[in-house]
Amino acid sequence: MKSIIAVFVLVTLILAACPAPQAEPIIKPMKYHGPIPKKSFSLRIGFLGGATNEEMWDKLDALVLERSGEVFTDDFSNSIVVEGTYTQKFHPKFALRANATAAFLRSESRGFYIPSIGEPPFPDRIFERHFDVDLFSLAGDAIYYFTDASVQEFQPFVGGGFSVWVPRAVYTDAYRDTYYSGELVDTTIVRPEFKKTDWSVEAGIQGVFGAHYYLSNNFAVTAEARYHIAQSRFSLTIPTEVGDRNANFVVPYTGFIFSIGAMRAF
C-alpha cells in the first residue's frame, strides 16, 4: 500500500512540474513600431474628377446667331493630380497639415456652322476652341486619427479645412471660312488664333478621409480621398456676325480627388 501511495505522489509531482500546453491567442498581438515621429511628409499621385466646363460651351454656342451645323464638345475629363503634404502631430491622434495640389484640366469644342447674316454666298465656318486650366491649391486641414500609429500599423483618419485655389485658365480659338461655288472652292479665309490667359485666386473648403499603413516607425504607404468645393470666373469678348459680345462664365472645380503614395516621418 505504501508503495502505491509513493508511486501516486511521484506521478503527481512530475505532472505538476510539466507545464500544460498553451493555446494560441485568439487576438493577434499588435505590432509595436516604437515612437512615431511627430512630423511627416508625403508625396502622392492620383486623379481629380467632377470639374466641368459645360456653361462656357453652352454660352459660346448661343452667341452664334441663326447657325446651322454640328458641334462636338469634350468637357473636362478626369485630371492627373500630384500632391505633397506636410503634417505636424500635436498628439498621437491629432494633427495639423498643409497640402499642396497641382491638377491639369483640358477641354475643347469643335465643329462647323453656316453664318446666315449678310449677303450670300455664305461660307462653311469651321472652328476649334480650347479651354485649359492648370489648377493649383494650398489647403490647411485639421486631422483626427482613429488609432495610435506607434502600436498599430493601420491608421485611418478624417479631417477637413480651408483652401486657396489658383487657376491659370487659357482660352484659345481659331476658325476658317470656306466659300464654295458649286463644286469648287472659291476661297478660304483663316482667322489668326485668338488667345486669352487669366490668373485668379479663389477660396474653397474640403473634407478628407484616408489611411496610413506603417512599414516602420519612419515609413508608410498612404491613400486618401478628398471632396472639395471651389470655382472661378472667366470672361471673354467674342467677335460675332453682329459685333463683339461679352461673355462671363463660372467654372466649377467642385469634385473629388483620390490619390495614393508614400510617407516619411522624421
Pull out a ≥ b ≥ c, the square roots of the eigenvalues of the alpha-carbon gyration tensor of the stretch 30-265, then state rounded if a/c is under 1.5, prolate if not and a/b is larger than b/c, and oblate in the remaining case.
prolate
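Would you mind working out the magnitude of the charge dipole of the stretch 30-265 relative to its Cα centre, with +1 at each Lys and Arg C-beta and -1 at each Asp and Glu C-beta, to the nearest 20 Debye?
1740
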Starting from the Cα-Cα distance between Arg106 and Glu128, subtract it from 0.36 nm times their residue separation and give me the gain in nm to one decimal.
6.6 nm
Contour minus end-to-end for Phe256 and Asp75, with contour as 0.36 nm per residue of separation and end-to-end as the Cα-Cα distance?
63.5 nm
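Read-outs throughout are calculated quantities, based only on the coordinates presented, and are distinct from any laboratory measurement. These numbers come from a predicted model, not from an experiment. Please note: Cβ atoms are built from the backbone with ideal geometry, for glycine as well, and neighbour counts cover all protein chains shown.
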